[in-house]
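Notes follow the structure.
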Amino acid sequence: MLTKIPRWNLALFLIIIAEIIVFGMMNPRFWNITILLNSFNDFIAVAIIGFFVTLVVITGGIDISGVSIIGLTSVVTGLLSQVVGLNIWVSIICAILIGGLCGLFNGVLIAYGRVQAMVITLGGMLLYSGIAIVLVGVSGVSTYEGISGFSESFSKIANGEVMGIPSAVIFFFSMFFIAYILLHRTRYGRYIYLTGINQNTAEYSGIDTKKIITSTYVLSGLSAGIAGVVLTSYLGSARSDYGAEYLMPILTVVVLGGTLITGGKGGVVGTALASIILGFLQIGLQMAGVSTQYIGLATGVLLIVSVAFLGINPDFRLNVKRIITPKQNIGG
Amino acid sequence: MIKQREFRTLLFLILLFVVVGFINTDYVSLQNIDKSLKSSLVYIVLAIGMTFVLLTGNLDISIGGTLGLSAAVCGTILRDGGTIFLAVFTAILIGACIGLINGFGVVKLKISSFIMTLAMLSITRVVQVIYTDGKWVENIPANIKELSTIDIFGMNLFSLIVIVGVLIVQVYLSKSSKGRYFTAIGDNADGAISLGIPVKRYSTYSFVISGICASIAGLIFVSQIGFVSSNAGTGIELTVIAACVLGGVSLMGGIGTVIGAALGAVILTSINSALVFMKVPAFWNDTISGSLLIIIVVIDSLLAFRANRKAKKVRLNARVLQKEA
């Protein structure tokens with residue numbers, strides 16, 4: 001028996017196939033597998049954060065501060081390795097940990113301070129991008145050029161390949177794998193769902209929901225940190241304004257992936273498929289010669305349509321079902 | 001009185017002026033206060049509309065896009081020799097249309113307001129870029145810009161209108177029965193339905209009002225700045241939400257006043273000018289507003305939680321005493 005979520009994933013998968021066919025007909029270069037795999041670089045940051053924001057949204061919260069954690073980790077990586085002179089790998093680990101710390105800060109205030117997630121992560125978004133700008137300003141590096149001059153081995157992180165597969169694809173699947181195992185194969189994952197469905201019930205059945213909620217924000221912060229490092233490595237310089245325009249795509253992939261914004265339902269498989277859809281949509285439209293300014297329109301419409309379809313009034317669905325099903329079922 | 005949230009916000013604003021005034025006495029001059037108010041007008045108008053939406057328990061992220069789009073359209077109309085009346089009419093029409101679409105999505109299609117208006121934000125931005133061809137709207141006649149410098153009784157005309165507007169809206173929301181529908185919906189939507197309040201209609205109205213306010217803010221923006229860049233109003237929505245929260249409007253709906261939201265807007269813009277007067281480099285702005293927002297919200301939430309628990313205890317005690325008697 002097919003449940004609802006896999007059916008939605010199937011629809012997403014069909015959309016990807018349709019995209020490949022349609023864009024390929026517009027521009028045959030789209031069928032080149034190397035170009036398709038390399039296009040992962042353009043949406044890898046959105047996908048990485050999206051996987052773990054899915055966990056946050058399933059608990060019934062929301063995390064919009066990830067977009068500034070990207071900039072913060074990027075700046076911290078650059079400052080520690082280029083200005084302070086630490087070993088590049090140590091500075092990467094420090095930067096990612098700072099991302100996790102930002103997530104911990106969000107999570108503690110939301111879970112233990114009982115403040116709405118939206119406000120705290122909004123304040124966090126201002127705060128973390130502010131700290132990044134302050135760090136850049138204090139260290140005297142030019143804001144527009146950013147910190148560059150990274151070593152060859154650092155730029156290999158995002159630009160290298162393993163057995164012909166671009167490392168962005170490897171990042172995508174390894175982060176997806178971690179999120180999938182955590183959410184769908186462990187007790188921790190079940191607790192996340194239970195918290196989202198009904199926090200009080202979960203609390204009464206002995207789950208420490210506050211810890212669960214906090215941990216999802218920490219994971220989301222860590223993933224934003226990883227995304228920041230990958231993006232810095234890919235673009236070759238550390239800047240505070242990386243990721244500023246990712247807020248909309250991140251929420252789009254989570255919601256388009258079938259995760260309910262009110263919590264309790266969803267999964268990372270949908271998020272993965274949705275981020276591929278969004279990435280292919282962007283690169284396909286670009287290849288088809290559509291100017292970049294229209295792509296925002298496409299993603300906006302996609303977001304509204306997908307959520308409208310998922311969230312249509314149950315009465316409406318029932319009515320449709322009654323019309324479709326044969327008469328003898330009614331009142332029987 | 002001290003228990004009222006707006007009063008605490010006002011105290012904070014006065015405290016801000018006093019503290020900064022100690023460091024730089026120029027800050028408390030009448031001239032600067034007038035200037036602070038003038039530069040926060042756009043935010044105040046946006047906060048009025050946002051309060052309606054927040055009261056019903058929804059959220060409107062699209063106001064920045066609405067502001068940019070209507071500023072661009074009105075700027076073009078004024079540049080090409082259109083009358084001010086036409087510009088105002090167009091602005092209201094644009095705002096109402098965008099608000100209506102938002103309301104339709106949230107009320108009929110049951111899309112979460114956050115997602116609906118976020119998508120609307122990106123759509124309006126693209127429409128603005130297409131409309132202006134990615135260029136800035138410049139060469140707006142000087143007499144439009146002069147409008148924002150008219151003084152009556154030593155007060156800026158626009159400031160006066162906005163202050164009167166805030167007071168009228170406040171009276172409407174708190175005293176008239178229709179105005180109280182908005183608060184009732186946000187406080188308990190099911191209860192509001194049971195009382196016979198047209199919940200769907202009034203939720204849609206709140207989005208329309210917010211859209212119209214955003215468009216009017218766009219007009220003020222045009223008259224104050226004199227040109228419309230292609231990224232006018234970017235990120236303004238987050239500042240406005242922060243202003244409302246600072247002013248005690250709850251994001252869960254049902255709690256808050258327009259006066260509080262307006263005070264919050266003045267605080268947020270005053271902080272920026274205060275930093276200038278204290279000679280703090282501009283790159284500190286975001287850090288300070290972000291941490292202030294978090295601190296105030298957390299303290300407020302803890303206070304509310306404690307008050308709730310105390311009230312519960314008092315109720316429980318009263319019941320126990322009754323039984324004994």
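With a 10 Å Cβ neighbour count serving as the proxy for reagent exposure, in which order, fewest first, do A:Val22, A:Val75 appear? Write down the numbers at each step before the final one.
Details: A:Val22 12, A:Val75 31.
The most exposed by this proxy come first: A:Val22, A:Val75.
Report, by chain and number, residues whose modeled amide H sits under 5 Å from the one on B:Ile255, excluding near sequence neighbours (fewer than 5 apart, same chain).
Amide H to amide H, under 5 Å and 5 or more residues apart or across chains, B:Ile255 pairs with B:Ser250.
So which chymotrypsin sites (Phe, Trp or Tyr not before Pro) in segment A:118-165 are both in a DSSP loop and have at most 10 other Cβ atoms within 10 Å of their Cβ?
A:Tyr144
With unit charges on the beta carbon (Lys/Arg positive, Asp/Glu negative), name the residue among A:Ser39, B:Ser62, A:Ile88 whose Cα is farthest towards the positive pole of the charge dipole of the protein assembly as shown.
Comparing the listed Cα positions along the dipole, B:Ser62 ranks first.
Rounded, prolate or oblate for the protein assembly as shown? Axes are the square roots of the Cα gyration tensor eigenvalues, ordered a ≥ b ≥ c, and the cut-off for rounded is a/c under 1.5.
Verdict is rounded for the protein assembly as shown.
Residues of segment A:246-266 with the amide nitrogen closer than 17 Å to a label point 7 Å from the Cα of A:Phe13, along Cα-to-Cβ, please.
Hits in segment A:246-266 for A:Phe13 at 17 Å: A:257-258.
If we count other beta carbons within 10 Å of each Cβ, what is the order of B:Lys313, B:Lys110, B:Lys35, B:Lys323, fewest first?
So the residues, fewest neighbours to most, are B:Lys323, B:Lys313, B:Lys35, B:Lys110.
Could you check which residue among A:Tyr234, A:Tyr204, A:Tyr246 shows the biggest mean-square fluctuation in a GNM of chain A with a 10 Å Cα cutoff?
Among A:Tyr234, A:Tyr204, A:Tyr246, the largest GNM mean-square fluctuation belongs to A:Tyr204.
By the gyration tensor of its Cα atoms, with a ≥ b ≥ c the square roots of the eigenvalues, what is the shape of segment B:163-252: rounded for a/c under 1.5, prolate for a/b over b/c, or oblate? Could you put the intermediate results ahead of the total?
On the way: a/c = 2.24, a/b = 2.04, b/c = 1.10.
The shape class here is prolate.
Please name which of B:Leu316, B:Gly218, B:Thr132 has its Cα lying farthest along the dipole of chain B towards the positive end, using unit charges on Cβ (Lys, Arg +1; Asp, Glu -1) and the Cα centre as origin.
B:Leu316
Name the shape class, rounded, prolate or oblate, that the alpha-carbon gyration tensor gives for segment A:51-194, where a ≥ b ≥ c are the square roots of its eigenvalues, rounded holds for a/c under 1.5, and otherwise prolate holds if a/b is larger than b/c and oblate otherwise.
Cα axes put segment A:51-194 in the oblate bin.
Compute the angle between helix B:5-23 and the longest alpha-carbon principal axis of chain B, please, reported from 0 to 90 degrees and rounded to the nearest 10.
For helix B:5-23, the angle is close to 60 degrees.
Please name whichever of B:Ile296, B:Gly235, B:Val280 sits farthest to the positive end of the charge dipole of segment B:233-325, dipole taken about the Cα centre and charges placed at Cβ: Lys and Arg +1, Asp and Glu -1.
Farthest towards the positive pole: B:Ile296.
Read the figures in this text as sums done on the coordinates, not as results from a lab. Not measured: the values here are computed from a predicted model. Neighbour counts are summed over all protein chains in view; Cβ atoms, including those assigned to glycine, are modelled from backbone coordinates with ideal geometry.
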